[in-house]
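Read through the structure below, which is laid out as structure tokens, and then see the notes.
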2 protein chains.
Amino acid sequence: MALLGCGVVGSQVARLLHEQADDLAARVGAPLELAGVAVRKMSRKRDVDLDPALLTTDAHALVTRPDVDIVVEVIGGIEPARALILAAMAEGKSIVSANKALLAEDGATLHAANRADLYFEAAVAGAIPLIRPLRESLAGDRVHRVLGIVNGTTNYILDKMDSTGASFTDALEEAQSLGYAEADPTADIEGFDAAAKAAILAGIAFHSRVTAADVHREGITEVSASDVASAKAMGYVIKLLAICARSDDGRSIGVRVHPAMIPRTHPLAGVREAYNAVFVEAESAGRLMFYGAGAGGAPTASAVLGDIVAVARNRIAGTRGPSESVYADLSVHPMGETVTRYHVSLDVADKPGVLATVAEMFSRHDVSIQTVRQEGRGDDAQLVLVTHRASDAALSSTVEGLRELDIVRAVASVMRVEGDEAP
Amino acid sequence: MALLGCGVVGSQVARLLHEQADDLAARVGAPLELAGVAVRKMSRKRDVDLDPALLTTDAHALVTRPDVDIVVEVIGGIEPARALILAAMAEGKSIVSANKALLAEDGATLHAANRADLYFEAAVAGAIPLIRPLRESLAGDRVHRVLGIVNGTTNYILDKMDSTGASFTDALEEAQSLGYAEADPTADIEGFDAAAKAAILAGIAFHSRVTAADVHREGITEVSASDVASAKAMGYVIKLLAICARSDDGRSIGVRVHPAMIPRTHPLAGVREAYNAVFVEAESAGRLMFYGAGAGGAPTASAVLGDIVAVARNRIAGTRGPSESVYADLSVHPMGETVTRYHVSLDVADKPGVLATVAEMFSRHDVSIQTVRQEGRGDDAQLVLVTHRASDAALSSTVEGLRELDIVRAVASVMRVEGDEAP
């Protein structure tokens, strides 16, 4: 076996391979031997004691060595990870990867080149078993929807905002000081990380090919303390959700990442701090949820080890696990066709006829209002509306129309409402 | 494929095999053909349209037919299920079973006789993928503890008691009227059902052989409305838990089913109504939770179908999935060696020195008290104590000693406290 990368995750994988060697041999039926570890710099300090003879900077030579049959890629990023995996696949090696970016951007190339196993449990939601349950346990079921909290950084920030009333900026700073957010937090707070995971989940759940580019993506930087407070007052909590759902006619799928309000009674509402959880609605199984640590060296290494055991067992048995399943071949519909509910907050003039004018604008675009509430008086008057299900296109047209009304001073916020099947 | 049983689960399995035939064929790589369905009575009305030619009352002839390669057993109970599975195994058939009672009582015989695959995802927690994640996803990790709500009936009853203040009897009656509890609820409320599932989970999580007889079992019939209220006042909720845990020295395991208080902030506390959830603590993966419907025809059938797809794929590939793993061979220690925390409620005389006398009794048995609270006055005085971690044997001796004290009128309740790692 070859290990590519010896950073936060790689060093934990190496440590566990060593510490759990006897257990792993018992489970595989043969010892797992580490033939080499590819690193960028030989001299760097690492979190694990490794025989220096195992280290190499020539990753390409390592993955094509005849005594290597399994390649574990924990480098991340597109290149050189892709080239190394493809080189290993050309030699018939089995691959275990934790690389969400690569799988979401170009999974098709990897699956097409794969001649043995390509396992990637660690690519989505760290330690949480998710790929295997979706690919195998639910293989006889029909998934309707996947709702996931798949980014720990943003969940930590939104949870702090909810529990302490902090602003986004303050919560982000706290997350950075505690190591939950990076110095450059863009990939997390703008939803890129969650979008990659959404693409991978959607492809597996719906047996279709989905890439990161197909995913509608909105981050959490616009979520204000007042949005959080408003959600709280209504019994909701704001989470950054990755949502993959079949359209009502079942012919296409929507894949999106954005902040949304969910009822506090929803199982996802209780997911605190940097934890991840994925909620699955399937036709026969009903509502399932998978919860756990979505990141971190040891949790991610646990998922990698599970995959290593599986591909090693498959090699010994001379077989392969389930390969890419894209037989359903559903297309991803544009965001405008997504149907959901919306929470709209407007700063309005406090005079007679305002509600009638606003309601008429919703009605003109066929968006039906479920509840409306006026807060404040005079210059501070706010109108808070929650709609019935409507298409994103219809809601966008409504909001454009509202912005042009004299009596609407500002559209303070528009937030989707999910996980609440009340009509 | 042969289907044994066509009741609540079997009829759903038959329906899904028919309705999802194309999807299943795409996932397996070959069509799944139902060769026959064994039933007790030919004439009974069923929830599925079946070709009458498929029905037979001769289950033994069906499972040994040469054109049957997979046998799906959803009869339940020990016999004739065991004899039929063994007869099928003798012919090299692959088995999918949802039979928790049989696997918990005599799994060893089945595993020993197994010459192909024996899959049983549906035997524990219905639709929730649990066996596969434990056997495969966590194959490279080390499980420390499994805490599960694995019986929907008792969770429904305890949830009603918690949310409405109802007595056990009233909550049970409501559960019966809604179909969540059977006319004879013994197997559920006395913990037999949960104990069978605990045995299966413990065996898989700790790679050891555990049977239902090894499981310490207490039901929920003694849980009173006042216990529930007392838990609530302290920020706890009472759940019937199946707990499988490594001892502190790692050399043995404890397997037990009993009502316990857990903090309301624990992920299991939010599991409402008849839902099930299993919380797993593993060395590298950390805290994981799996949540969903634990019973019912369609959810259980979803799990059965996932297994059918897996064993069918294995047969086509000429291989087998993971077989029984008992290499760790840990023994199950007696309940007395279990170490946990306790909530003890005493009816006491309201006079000076009571607390000192009670505290001395705890101290005599080396049970350390974390908090103590007196409620009421005079004849209604109650002393509520929560202990630090202590062995069950020490706690039992303490309680015996308390019962002999003049100033203790009654030991009103003793409840274990779990999921709270505060010292």
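The values are calculated or read from the model by the stated rules, or taken from the named source; none is laboratory data. Small disclaimer: the values here were computed from a predicted structure and weren't measured. Neighbour counts are summed over all protein chains in view; Cβ atoms, including those assigned to glycine, are modelled from backbone coordinates with ideal geometry.
Of note:
- For the range A:220-253, filtered to residues that are among the charged types (D, E, K, R) and in a loop (DSSP other than H, G, I, E, B), the residue that is farthest from A:Asp329 (Cα to Cα) is A:Glu222.
- Scanning the range B:126-158 for residues that are at the interface with chain A (Cβ under 7 Å from one of its Cβ atoms) and over 16 Å from A:Val304 (Cα atoms) gives B:Ala127, B:Ile128, B:Pro129.
- Test set (1) part of a helix (DSSP H, G or I); (2) under 27 Å from A:Leu241 (Cβ atoms); (3) modelled with pLDDT under 95; (4) not β-branched (Val, Ile, Thr) - A:Asn314 fails condition number: (2)
- Screening A:Ser391 against (1) under 29 Å from A:Ala213 (Cβ atoms); (2) within 14 Å of chain B (Cβ to nearest Cβ); (3) not aliphatic (A, V, I, L, M) leaves a single unmet condition, (2).
- Against the list (1) closer than 28 Å to B:Asp249 by Cα; (2) assigned to a loop (DSSP other than H, G, I, E, B); (3) more than 14 Å from chain A (Cβ to nearest Cβ); (4) among the aliphatic types (A, V, I, L, M), the condition B:Ala166 fails is (1).
- Test: residue in the range A:132-147 that is surrounded by fewer than 24 Cβ atoms within 10 Å (Cβ to Cβ), part of a helix (DSSP H, G or I) and at pLDDT 95 or above: no
- The residue of the range B:378-393 that is farthest from B:Gly336 (Cα to Cα), among those that are touching a helix residue (DSSP H, G or I) at 6+ places or on another chain (Cβ under 9 Å), hydrophobic (A, V, I, L, M, F, W, C) and surrounded by 19 or more Cβ atoms within 10 Å (Cβ to Cβ), is B:Leu383.
- Strands (runs of 3 or more DSSP E) lying entirely in the range B:1-82 (those with 2 or more residues that are within 14 Å of another protein chain (Cβ to nearest Cβ)): B:70-73
- Condition check for A:Ala260: under 30 Å from A:Val399 (Cβ atoms) and buried (at least 24 other Cβ atoms within 10 Å of the Cβ): yes
- Qualifying residue in the range A:59-72 (condition: closer than 24 Å to A:Ala194 by Cβ, touching a helix residue (DSSP H, G or I) at 6+ places or on another chain (Cβ under 9 Å) and modelled with pLDDT of 95 or more): no
- Figure legend. Inter-residue proximity from the range A:221-247: first residues over 15 Å from A:Thr164 (Cβ atoms), second residues basic (Lys, Arg) and in a helix (DSSP H, G or I), beta-carbon distance below 7 Å, spacing 6+ or different chains. Indicated pairs: A:Ala242/A:Lys197.
- Residue that is nearest to the other protein chains (Cβ to nearest Cβ) [pool: residues in the range A:108-125 that are part of a helix (DSSP H, G or I) and touching a helix residue (DSSP H, G or I) at 6+ places or on another chain (Cβ under 8 Å)]: A:Glu121
- Residues located in the range A:277-305, provided they are at the interface with chain B (Cβ under 7 Å from one of its Cβ atoms) and more than 20 Å from the chain's Cα centre (by Cα): A:Ser284, A:Ala285, A:Gly286, A:Leu305
- Taking residues in the range B:54-69 that are in the same structural domain as B:Ala88 (by TED's automatic domain parsing), and partners anywhere that are of a type in the set (D, E, K, R) and surrounded by 20 or more Cβ atoms within 10 Å (Cβ to Cβ), the pairs with Cβ atoms closer than 7 Å and at least 6 places apart or on different chains are B:Val63/B:Lys93; B:Val68/B:Lys93; B:Asp69/B:Lys93.
- Qualifying residues in the range A:207-218 (those that are in a loop (DSSP other than H, G, I, E, B) and within 18 Å of A:Lys100 (Cα to Cα)) - the one nearest to the other protein chains (Cβ to nearest Cβ): A:His207
- Checked against the criterion of being under 20 Å from A:His266 (Cβ atoms) and surrounded by fewer than 21 Cβ atoms within 10 Å (Cβ to Cβ), the candidates A:Ser177, A:Ser163, A:Ser167 yield just one match: A:Ser163.
- Subset of the range B:320-332 [more than 14 Å from chain A (Cβ to nearest Cβ) and surrounded by 17 or more Cβ atoms within 10 Å (Cβ to Cβ)]: B:Val332
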